[in-house]
Amino acid sequence: MTPNETGFLIRSVTVRGTAYPYTVYVPRAFDASKSWPVILFLHGSGERGADGLKSTQIGVAAAIRANPDRVPAIAVFPQAPADSRWLGDPADAAMAALEQSVNEFHGDRSRIYLTGLSMGGYGTWHLALAHPHTFAALVIVCGGLLPHETTTAVQQSPLTMGKDDPYAFTAHALRHLPIRMFHGDADPVIPVMESRRMAEALKNENADAKLVEFAGAGHNSWDRAYGDAELWKWLFQQRLTPESVWTPASR
């Protein structure tokens, strides 16, 4: 990386012989002598592809473009291939892109955050279950655990398959994490009940979790969620304790 290489940069990572493009955002004020918080963002079904760019159209990237000062962090935007989900190889590619970005841009392993919207919200729950000690906080926008007839774009994580109560299982496994959820109460694609059930399950675990419902809002709750300055202030206050920080050697 050259000293002037900031902004949205296209990179690639290879998983099991397949190349997956991703974009990484580097703030203009980037200084390699400091460690930086890192955000891993999982896009929705409409941004799938192989161009490395669609993942930066909406959600976190749009919020960065609108108010870059709110997000003084490295942000990683993996891209799931067409007709795939954030499961299996695409999920592993997202984690590989994260790891590559942490190494390339001096990421702070105590301040790695995971967020996603819609299909990416489902992916956020899955990746958090798969890597429960990597992330300092989660932000889920119009996500959930179970599929619905309203969309073919989401699938249940294999990690919750066969559980009597997938919501209780997930909440118990992630009860140590600060979690914020956002959902439109009139969402016709992913029912708001998905987030409500997760919020109730997390409440039963006494987790630091909160659900914000947008009255009358449909599926697009991400503009309001990521456009909330208070969310970003809260997010960057979260960090893993020194003894819980994951490193490649500790696996």
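The values are calculated or read from the model by the stated rules, or taken from the named source; none is laboratory data. Since the structure is predicted, the reported quantities are computational estimates derived from the model, not experimental observations. Neighbour counts run over all protein chains shown; Cβ positions are idealised from the backbone, glycine included.
Checking the structure you have, find out if any residue of region 213-226 is farther than 16 Å from Leu114 by Cα, without any contact (Cβ under 8 Å) to a residue 40 or more places away in the chain and assigned to a strand (DSSP E or B). Yes; the residues of region 213-226 include at least one that is farther than 16 Å from Leu114 by Cα, without any contact (Cβ under 8 Å) to a residue 40 or more places away in the chain and assigned to a strand (DSSP E or B). In region 186-202, which residue that is in a loop (DSSP other than H, G, I, E, B) and not acidic (Asp, Glu) is surrounded by the most Cβ atoms within 10 Å (Cβ to Cβ)? Looking at residues that are in a loop (DSSP other than H, G, I, E, B) and not acidic (Asp, Glu), I get Ile190.
Being at pLDDT 95 or above, more than 21 Å from Asp228 (Cβ to Cβ) and part of a loop (DSSP other than H, G, I, E, B), is that true of even one residue in region 35-43? Yes, because at least one residue in region 35-43 is at pLDDT 95 or above, more than 21 Å from Asp228 (Cβ to Cβ) and part of a loop (DSSP other than H, G, I, E, B).
For region 112-125, state whether one or more residues are of a type in the set (A, V, I, L, M), at pLDDT 95 or above and over 12 Å from the mean Cα position of the chain (by Cα). Within region 112-125 (the criterion being of a type in the set (A, V, I, L, M), at pLDDT 95 or above and over 12 Å from the mean Cα position of the chain (by Cα)), the answer is no, since none of the residues qualifies. Among the residues of region 53-75, at least one is farther than 21 Å from Arg224 by Cα, of a type in the set (Val, Ile, Thr) and surrounded by 20 or more Cβ atoms within 10 Å (Cβ to Cβ). A Cβ distance below 7 Å, combined with a sequence gap of six or more or placement on separate chains, defines the contacts here; from region 107-119, residues that are within 15 Å of Pro72 (Cα to Cα) reach residues that are charged (D, E, K, R) and not in a strand (DSSP E or B) in the pairs Arg111/Arg239. If you go through region 173-185 and keep only what is charged (D, E, K, R) and surrounded by fewer than 20 Cβ atoms within 10 Å (Cβ to Cβ), you end up with Arg175, Asp185. Here Arg111 passes the criteria (1) of a type in the set (Lys, Arg); (2) outside any strand (DSSP E or B); (3) under 25 Å from Ala171 (Cα atoms) except the one numbered (2).
All of (1) surrounded by fewer than 20 Cβ atoms within 10 Å (Cβ to Cβ); (2) among the polar types (S, T, N, Q); (3) within 26 Å of Asp89 (Cα to Cα); (4) modelled with pLDDT of 95 or more hold for Thr170 with one exception: (1). In this structure, is Val102 modelled with pLDDT of 95 or more, surrounded by fewer than 24 Cβ atoms within 10 Å (Cβ to Cβ), among the β-branched types (Val, Ile, Thr) and out of contact with any Lys or Arg (no Cβ under 9 Å at 6 or more places or on another chain)? Taking the combined requirement at face value, the residue does not satisfy it.
If the condition is being in a helix (DSSP H, G or I) and touching a residue at least 40 places away in the same chain (Cβ under 8 Å), then region 120-136 contributes Gly120, Gly121, Gly123, Thr124, Trp125, His126, Leu127, Ala128, Leu129.
Considering region 1-15 alone, what residues qualify as being modelled with pLDDT of 95 or more and loosely packed, with under 11 Cβ neighbours inside 10 Å? Once the filter is applied, which keeps residues that are modelled with pLDDT of 95 or more and loosely packed, with under 11 Cβ neighbours inside 10 Å, region 1-15 yields only Thr14. Every condition in (1) on the phi > 0 side of the Ramachandran plot; (2) within 17 Å of the chain's Cα centre (by Cα); (3) not small (Gly, Ala, Ser) holds for Asn206 except the one numbered (2). The residues in region 209-232 that are more than 19 Å from the chain's Cα centre (by Cα) and either of a type in the set (A, V, I, L, M, F, W, C) or surrounded by 14 or more Cβ atoms within 10 Å (Cβ to Cβ) (or both) can be counted, and the count is 3. Exactly one residue out of Glu149, Glu99 is part of a loop (DSSP other than H, G, I, E, B) and of a type outside the set (Phe, Trp, Tyr), and it is Glu149.
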